[in-house]
Amino acid sequence: MFFRTDMAVERRDLYKNANKLEDEIRGVECEEEKIDDINITRVKITNSEGEQALQRRIGNYITIDIKKIHNITEAKENQIIETFSKELKAIIDKHIKPNEEILIVGLGNSFSTPDSLGAKVVQNIEITRHIKIYLPNAIDRNTRSVSAITPGVLGTTGIETVEIVKGIVDNIKPKLVIAIDSLCSKNIDRINKSIQISDTGIVPGGGVGNRQAELSKETLSVPVIGVGIPTVLDAATIVIDTLNACDVNISENEIVDKMKLNNFNFIVTPKEIDELIENMTAIVSEGINMSF
């Protein structure tokens, strides 16, 4: 079965559907929680069987699905921020102590709106490392040391992202890296309406086929938490979902093969992507700041 997605919860659902499984996949644990109209799905891959089934590393993958993001009230936005912050803090606390240093990495291309999430979030992070170093009396000594970098993309720097980040990690020695990036989804309803948190690292450009070396504990020697929002999807996904809605009987593989043959398999994003990125940037940056 064809699919292109960075979302672990979607890989789980697709694998179960393809293999007609009613029980959980071996090596995978899943729990769901609902807070008003916010859905939280926690997928945990526990062994190599789960890794092979979902094509993802052993670890935790949390998806926060938001029903509506347009014209939300301030109270609803605060509820989303608090939910995200709580889930992120729970994963951070599994890996480091409360006062240990964190490096934030904003991945993606700031000149391409669907790929600009990481860079925009970094602009709104409360940076404290320099204050703790140069003005220690001006800040609470229990404040966590936070630094941030936007490394750009390989096409403009000529340098692999992992090479830039590893150089920084080796010099300033944070205890944890949080990498923020735009993702690809298989579900139209998740575009700019979901947040995924994982503690297994992240692959820049992986969702759209421009894979680079991963940012992970294996490459950086410190734990890496990935935070991402799906901002794009494959054109084949739209075609498949539309035909399914119209009860047209045609296989996914046949659709994908025809689209590839005609070079029609584009990566697409909603027309209101500018507004959606701004909304989700505010939610992610405030949630990260709150979790510290």
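The values are calculated or read from the model by the stated rules, or taken from the named source; none is laboratory data. Keep in mind that what you see is a predicted model, and the values were worked out from it rather than measured. Because the Cβ atoms are built from the backbone with ideal geometry, glycine has one as well, and the counts that use them run over all protein chains shown. Protein only, heavy atoms only, side chains kept; ligands, DNA and RNA dropped before computing areas. Shrake-Rupley method; radii C 1.70, N 1.55, O 1.52, S 1.80 Å.
Once both labels are positioned 7 Å from their Cα atoms along Cα-to-Cβ, the gap between Thr143 and Glu77 label points is 2.4 nm. Between Asp257 and Glu29, the contour length at 0.36 nm per residue exceeds the Cα-Cα span by 78.7 nm. Taking all protein chains as they are arranged and a probe of 1.4 Å, the heavy atoms of Lys97 leave approximately 130 Å² accessible to solvent. Here is the list for region 1-61: trypsin sites (Lys or Arg not before Pro) lying in DSSP coil, each with at most 10 other C-beta atoms within 10 angstrom of its C-beta, are Lys20. Hydrophobic, long helices, defined as DSSP H runs whose alpha-carbon span along the helix axis is 18 Å or greater and whose mean Kyte-Doolittle value is at least -0.5, occur in the chain at 273-291.
Pairs exceeding 27 Å between alpha-carbon atoms, taken from Lys16/Lys86; Lys193/Lys258; Lys97/Lys132; Lys16/Lys67; Lys76/Lys120; Lys34/Lys271: Lys16/Lys86; Lys193/Lys258; Lys34/Lys271.
Report, to the nearest whole %, how much of the accessible area of region 31-92 belongs to carbon and sulfur atoms, 1.4 Å probe, protein only.
Numbers: 1440 of 3280 Å².
Taking all protein chains in place, region 31-92 shows 44 percent carbon and sulfur surface.
Rounded if a/c is under 1.5, else prolate if a/b beats b/c, else oblate: with a ≥ b ≥ c from the C-alpha gyration tensor eigenvalues square-rooted, which is region 70-212? It is oblate, given that a/c is not under 1.5 and a/b is not larger than b/c.
Would you indicate which of (i) 69, 43, 42; (ii) 93, 40, 38; (iii) 63, 50, 39 is the value of Cα extents along the principal axes in Å derived from the coordinates of this structure? The listed entry that was calculated here is (i). Note on Asn171/Ser48: beta-carbon distance plugged into 1/(1 + (r/R0)^6) with R0 of 30 Å gives a FRET efficiency of 0.30.
Of all DSSP beta bridges in the chain, what percent run antiparallel (nearest 5)? Present the calculation step by step, with values, prior to reporting the outcome.
Numbers: 27 of 45 bridges.
The antiparallel fraction comes to roughly 60 percent.
Residues in region 108-124 carry Karplus couplings, in order, of x, 10, 5, 8, 10, 3, x, 10, 9, 3, x, 5, 5, 5, 4, 4, 10 Hz; the curve used is 6.51 cos²θ - 1.76 cosθ + 1.60 with θ = phi - 60°, and Gly or Pro positions show x.
Once the Cα gyration tensor of region 221-292 is found, what semi-axes does its equivalent ellipsoid get, as square roots of 5 times the eigenvalues, in whole Å, sorted largest first?
Working: eigenvalues 239, 50, 28 Å².
Gyration-tensor ellipsoid for region 221-292: 35, 16, 12 Å.
For region 222-283, applying the loop criterion from DSSP together with a ceiling of 12 other beta carbons within 10 Å to the GluC sites (Glu not before Pro) yields Glu272.
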